[in-house]
Amino acid sequence: MINLYEVNETNKMIEQENLDVRTITIGISLLDCMDADLDRLCDKVYDKITTVAKDLVQTGADIEKEFGIPIVNKRISVTPIAMIGAAACRSAQDYVRLAKTLDQAAATVGVNFIGGYSALVSKGMTTQDEYLIRSIPEALSATNNVCSSVNVGSTKHGINMDAVRLLGDVIHDTAEQTKEADSIGCAKLVVFCNAPDDNPFMAGAFHGVSEADAVIHVGVSGPGVVKTALSQVRGESFEVLCETIKKTAFKVTRVGQLVAKEASKRLSIPFGIIDLSLAPTPAIGDSVADILHEIGVEYAGAPGTTAALALLNDQVKKGGIMASSYVGGLSGAFIPVSEDQGMIDAVEAGALTLEKLEAMTCVCSVGLDMIAIPGDTPVTTIAGIVADEMAIGMINQKTTAVRLIPVIGKGIGESVEFGGLLGYAPIMPVNSFGCADFVNRTGRIPAPVHSFKN
Amino acid sequence: MEDKIIVTVVGKDTVGIIAKICTYLANNRINVSDISQTITGGFFNMMMIVEPNETEKPFDDLQRELGQVGEEIGVDVRCQRSEIFEMMHRV
């Protein structure tokens, strides 16, 4: 029988330590909507999304109320749109129409983001893939809720450097087209290596082609809970530290599993995966950087940070994996800058640099995330940063991602305010030496030797 | 409704908290299967496991009305389905 202590512990996590379910995301396949006629395609896409996801928001709210656990976001991911529009779209403009259709569908069902305005081009781009990628700046400035991602590399295929170079321009143009709002369009654009098919987290979510017609994924969070648990074991050994993280991750993930199963039952949509992520928010105490501080580094970025993060990421997985029948997505610790007050503080204190963040991405689940850089950063430098991050993912057989925001009209010493869950960020300096001759080479970087496993 | 519900009551201790909550539950044909309670420094903290299988009342109404009962006596009353605690604390 449940006892008073356990009930109090759970409710304290929710009320004081920001425990929540970060997102219920329905992945929807749009493969059956494909059509050579753009009008018909848009109608079918709109109808399918608004039919499958019509009860998502209400169901999320019901579960939230009955169990007393906040479910922060309800979202939708769809099959990569480059593929869905391949027969109908004859130009980048045609793809923008599809983006607007997604935006309308998202608004109709009341979700705050819809992901999947995406192309998978790790080995090569079709003409349509290229149209979609070139349409991203306009698509993201003309819509509110659409999120875009491009997978430009994988351990199996190597890195498509033509796409990386193109994305240097696309990131810059997206910033330019949304400069009135501090280049916020870039916060909705992720460049991936080894992108997972079942990621429920934005902006990088899309519904992979290997997935079923519709599926429910849940992303859990809880940095505040881990931090509070660790504050009880200050000065203890690594064994005690790791045990504490594991036990806490287990508890957090169990809540996600419960919500996922319940949502799946009520919506009659199969359960896909739980994404065991420590996803911070700008709220005080909801910070991965604060966990690193609690583990023992003065600020995120100080020597020891990469080791502390590696340990944290691994223990979160070890604890969470037993709590859920299916684990997937990104699963690990997220280290966005603007969405984490502790990271922002570390940047402002001069402890955390872009280069240290790059090192940290080698051992955690994502990549260079929500980092504001000067608006006059050359496009070849942006492409170079992307290429470096993709190489880390390719060689280490892990997902890496880049979400950089070159803030047009702003430079080092200034900061940028995105608002809400996206937070604010000080603009970080970028290495000013050039890499144009490197990124202007055409073609792709071959797959690494350890990908040949057959 | 068949599932167990956990009712938690937190607030400044005063006369008749348990009486008021239990009266409401009894009037709505809700059985109480377990109660545990502590008072620390004048602060009242109680958990009840209740079985709403005989009540006609929907969960939403139960949650709202118990909240109102709590407001009248100056305590915070929450109603949550028990699975969230079972999932978190039992393997």
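Bear in mind these aren't lab numbers, they're just calculated from the coordinates by the rules spelled out. Computed from a predicted structure; not experimentally measured. Cβ: placed from backbone, ideal geometry, glycine included. Neighbour counts: every protein chain shown.
Going residue by residue through the range A:163-177, is there one that turns out to be in contact with a Lys or Arg (Cβ under 6 Å, 6 or more places away or on another chain) and of a type in the set (A, V, I, L, M, F, W, C)?
So in the range A:163-177, the residues in contact with a Lys or Arg (Cβ under 6 Å, 6 or more places away or on another chain) come out as none.
No, every residue in the range A:163-177 fails to be in contact with a Lys or Arg (Cβ under 6 Å, 6 or more places away or on another chain) and of a type in the set (A, V, I, L, M, F, W, C).
Whenever a residue of the range A:314-341 is within 14 Å of chain B (Cβ to nearest Cβ) and part of a helix (DSSP H, G or I), its partners that are among the small types (G, A, S) and buried (at least 24 other Cβ atoms within 10 Å of the Cβ), lying with C-beta atoms within less than 7 angstrom and at least six residues away or across chains, give the pairs A:G319/A:A249; A:G320/A:A249.
Looking at A:V225, A:V252, A:V240, which one is in contact with a strand residue (DSSP E or B) (Cβ under 6 Å, 6 or more places away or on another chain) and either within 14 Å of chain B (Cβ to nearest Cβ) or farther than 21 Å from A:N18 by Cα (or both)? Before you say what the answer is, go through the steps one by one.
Numbers: A:V225 fails: in contact with a strand residue (DSSP E or B) (Cβ under 6 Å, 6 or more places away or on another chain); A:V240 fails: in contact with a strand residue (DSSP E or B) (Cβ under 6 Å, 6 or more places away or on another chain).
Every option except A:V252 fails the conditions.
When A:E9 is tested against (1) assigned to a helix (DSSP H, G or I); (2) within 12 Å of chain B (Cβ to nearest Cβ); (3) in contact with a Ser or Thr (Cβ under 9 Å, 6 or more places away or on another chain), exactly one condition is not met: (3). Listed by first and then second residue, the pairs with beta-carbon distance under 7 Å, at least 6 apart or on different chains, first residue in the range B:64-85 and more than 10 Å from chain A (Cβ to nearest Cβ), second surrounded by fewer than 17 Cβ atoms within 10 Å (Cβ to Cβ) and of a type in the set (D, E, K, R), are B:G70/B:D76; B:G74/B:K12. Just one of the numbered conditions (1) surrounded by fewer than 22 Cβ atoms within 10 Å (Cβ to Cβ); (2) under 28 Å from A:I63 (Cβ atoms) is not true of A:G235: (2).
Which of the residues belonging to the range A:12-58 are closer than 27 Å to A:L258 by Cβ, touching a helix residue (DSSP H, G or I) at 6+ places or on another chain (Cβ under 7 Å) and more than 14 Å from every other protein chain (Cβ to nearest Cβ)? I'd like the intermediate steps shown before the answer.
Initially, the range A:12-58 is screened for residues closer than 27 Å to A:L258 by Cβ, giving A:12-29, A:49, A:51-58.
Retained after the next criterion (residues that are touching a helix residue (DSSP H, G or I) at 6+ places or on another chain (Cβ under 7 Å)): A:13, A:17-19, A:21, A:24, A:26, A:28, A:49, A:53-57.
Listed by number, the residues that qualify are A:N18, A:I24, A:I26, A:I28, A:I49, A:A53, A:K54, A:D55, A:L56, A:V57.
Where helices (runs of 4 or more DSSP H) sit wholly within the range A:19-103, those with at least 3 residues that are within 30 Å of B:V77 (Cβ to Cβ) and not hydrophobic (A, V, I, L, M, F, W, C) occupy A:56-67. Taking the listed residues A:I269, A:I291, the one that is in contact (Cβ under 8 Å) with a residue 12 or more places away in the chain and either within 20 Å of A:D20 (Cα to Cα) or in contact with a Ser or Thr (Cβ under 9 Å, 6 or more places away or on another chain) (or both) is A:I291, with no other qualifying. In the range B:1-29, the residue that is farthest from the other protein chains (Cβ to nearest Cβ) out of those that are in contact (Cβ under 8 Å) with a residue 12 or more places away in the chain and polar (S, T, N, Q) is B:T14. Looking at the range A:319-335, can you tell me whether even one residue there is crowded, with 24+ Cβ neighbours inside 10 Å, β-branched (V, I, T), over 18 Å from the mean Cα position of the chain (by Cα) and farther than 16 Å from A:K227 by Cα? No - not one qualifying residue is present in the range A:319-335. The residue list A:G208, A:G222 contains one member that is in contact with an Asp or Glu (Cβ under 7 Å, 6 or more places away or on another chain) and not charged (D, E, K, R), which is A:G208.
Residues of the range A:178-197 that are over 22 Å from A:L421 (Cα atoms) and either in a helix (DSSP H, G or I) or among the charged types (D, E, K, R) (or both): A:D197 alone. If you check A:G419 against the conditions, is it surrounded by fewer than 17 Cβ atoms within 10 Å (Cβ to Cβ) and within 30 Å of A:G285 (Cα to Cα)? In short, yes.
Listed by first and then second residue, the pairs linking a residue in the range B:30-47 that is within 12 Å of chain A (Cβ to nearest Cβ) and without any contact (Cβ under 8 Å) to a residue 24 or more places away in the chain to a residue that is in a strand (DSSP E or B) and of a type in the set (S, T, N, Q), with Cβ atoms under 7 Å apart and 6 or more places separating them unless they lie on different chains, are B:Q37/B:N45; B:T38/B:N45. If you go through the range A:216-240 and keep only what is more than 20 Å from B:H89 (Cα to Cα), assigned to a helix (DSSP H, G or I) and in contact (Cβ under 8 Å) with a residue 12 or more places away in the chain, you end up with A:S231, A:F238.
Give me a count of the residues in the range A:399-442 that are part of a loop (DSSP other than H, G, I, E, B) and not aromatic (F, W, Y).
The number of residues fulfilling the criteria is 21.
Which members of the range A:398-415 meet the condition of being within 21 Å of A:D173 (Cα to Cα) and crowded, with 22+ Cβ neighbours inside 10 Å? A:A401, A:V402, A:R403, A:L404, A:I405, A:P406, A:V407 - these are the residues of the range A:398-415 that are within 21 Å of A:D173 (Cα to Cα) and crowded, with 22+ Cβ neighbours inside 10 Å.
Within the range A:91-140, the set of residues being polar (S, T, N, Q) and either within 12 Å of A:I49 (Cβ to Cβ) or surrounded by fewer than 20 Cβ atoms within 10 Å (Cβ to Cβ) (or both) comprises A:S91, A:Q93, A:T101, A:Q104, A:T108, A:N112, A:T126, A:T127.
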